[in-house]
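None of the figures in this text is laboratory data; all of them are computed from the coordinates on show. For clarity, every value in this text was computed on a predicted model and none was experimentally measured. With ideal geometry, Cβ positions are generated from the backbone for all residues, glycine too; neighbour counts draw on all protein chains shown.
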Amino acid sequence: MVCSSVCNVSRLRLLLVLLLAPGVAACGSEAGAGRGEGLRVVATTAQAADFARAVGGERVTVTGLLAPNADPHDFEVRPDDVRALADAQLVVRSGGELDEWLGEAIESSGTDAEAVTLADHVELVEDDPHWWQDPRNAIRAVDGLRRALAAEDPAGAAGYERAAAAYTERLRRLDGAVESCIAKVPAVDRTLVTTHDALGYYARRYGIRVVGAVIPSRSTVAQPSAGETARLVETIEREGVAAIFAESSVKPDVEAAIARESGARIGRALWADTLGPEDSDGATYIDSIASNTAALVDGFSGGEVECRPAA
């Protein structure tokens with residue numbers, strides 16, 4: 001990822017945040033100590049926060065920096081985020097370019113909290129940061145998180161182990177259920193076009209062929225050129241793609257235009273980089289994978305097959 005004027009802008013934004021939050025850097029991890037609110041955990045992405053809540057249970061208080069349905073690629077650090085980091089006892093980051101903005105924020109907050117990078121515990125492919133789209137990687141990340149929580153709170157180690165084991169079993173059931181659902185669609189019909197290249201891990205795990213993306217990048221910050229869009233339309237027509245899948249966190253104007261031009265339809269929105277609010281079908285990590293699977297099966301089959309995994 002090229003870092004030029006964009007990085008300078010990000011640093012300027014962070015500087016402004018710190019000016020708006022005087023005294024934060026001096027707080028350190030002692031701020032808020034003794035509140036009896038459990039181990040204070042700050043997580044970057046919605047998925048990381050969900051994992052922390054699942055494993056930590058009542059012994060942790062989790063602050064997620066990203067709001068539901070927020071795109072992590074264009075996230076801007078706010079004063080409350082800096083204060084949360086200063087007060088944290090453990091920081092959980094997803095890893096890769098999705099939350100690379102966190103490093104400078106941690107340094108500037110003055111926190112001495114330990115940080116665990118979940119991507120360090122999973123099997124990465126070509127530096128693709130969307131590792132959680134394969135539930136087997138979620139299992140690996142949960143184990144790394146369990147160990148980090150136990151290191152910060154040894155008295156809770158047994159509880160973290162029990163919670164991680166129970167959650168891991170749910171993730172294994174989810175993985176098997178997704179595989180069964182996708183298998184209901186003939187392999188030749190499993191051709192995927194999404195907003196950006198975010199479902200590579202899911203596609204590899206479940207035998208789906210990715211033939212293109214509206215934004216030919218692993219970041220939604222990029223923009224497609226007219227030539228790239230024209231070539232994508234040609235690919236969709238040539239491959240007989242039934243549906244184009246937009247993402248929940250973006251406005252699908254370009255996807256709709258490509259669908260009209262190519263004759264494909266717009267599938268149900270996917271949870272790609274984020275999770276949804278509490279009342280949505282993507283409120284948790286497990287919900288998001290189940291919802292995506294149901295949407296993909298419906299789109300691949302032209303509405304002829306219905307299957308939503310249960311876990």
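Details
- Nearest-0.05 FRET efficiency for E107 and R268, computed from C-beta distance (R0 41 Å): 0.50
- In units of the compact-protein estimate 2.2 N^0.38 Å, region 256-295 shows a Cα radius of gyration of 1.38.
- Scattering curve values for the chain, log₁₀ I(q)/I(0), Debye with Cα scatterers, q = 0.08 Å⁻¹: -0.38
- To the nearest ten degrees, helix 285-300 and the longest principal axis of the Cα atoms of the chain are 10 degrees apart.
- About its Cα centre, the chain has a charge dipole of approximately 480 debye under the convention of +1 per Lys or Arg Cβ and -1 per Asp or Glu Cβ, with nothing else charged.
- Helix 135-152 axis, angle to the chain major axis (alpha carbon atoms, nearest 10°): 0 degrees
- Local electrostatic count, R231, Cβ distance below 13 Å [Lys/Arg +1, Asp/Glu -1]: -4
- Unit charges at the beta carbon, dipole of the chain: most positive-side option, V233, Y202, T45: Y202
- Nitroxide proxy distance, nm - points 7 Å out along Cα→Cβ at S280 and A257: 2.4 nm
- Computed over neighbours whose Cβ is under 12 Å from that of V188, the net charge equals 0, Lys and Arg +1, Asp and Glu -1.
- Per-residue ellipticity at 222 nm, computed for the chain from helices alone with -39500 (n - 2.57) per DSSP H run of at least four residues, works out to -14000 deg cm²/dmol.
- Selected from E97, E239, E123 as most flexible by GNM, with the chain as the system and alpha-carbon contacts under 10 Å: E239
- Gaussian network model of the chain, springs between alpha carbon atoms under 10 Å - residue of R190, R231, R146 with greatest fluctuation: R231
- Inter-label distance for R170 and E304, nm, one decimal - labels placed 7 Å from Cα along Cα-to-Cβ: 3.5 nm
- Against the chain, whose longest principal axis comes from its Cα atoms, helix 46-56 is set at around 50 degrees.
- With Cα atoms as the point set, region 186-300 shows a radius of gyration and Dmax of 13.3, 40 Å.
- Per the Debye formula on identical point scatterers at the alpha carbon atoms of region 84-211, with no solvent, log10 I(q)/I(0) at q = 0.17, 0.22 Å⁻¹ is -0.98, -1.26.
- Inter-part distance where region 255-311 and region 115-189 are each reduced to a Cα centre, Å: 21 Å
- Residues R204 and E58, FRET efficiency given R0 of 30 Å [Cβ-Cβ distance, rounded to 0.05]: 0.25
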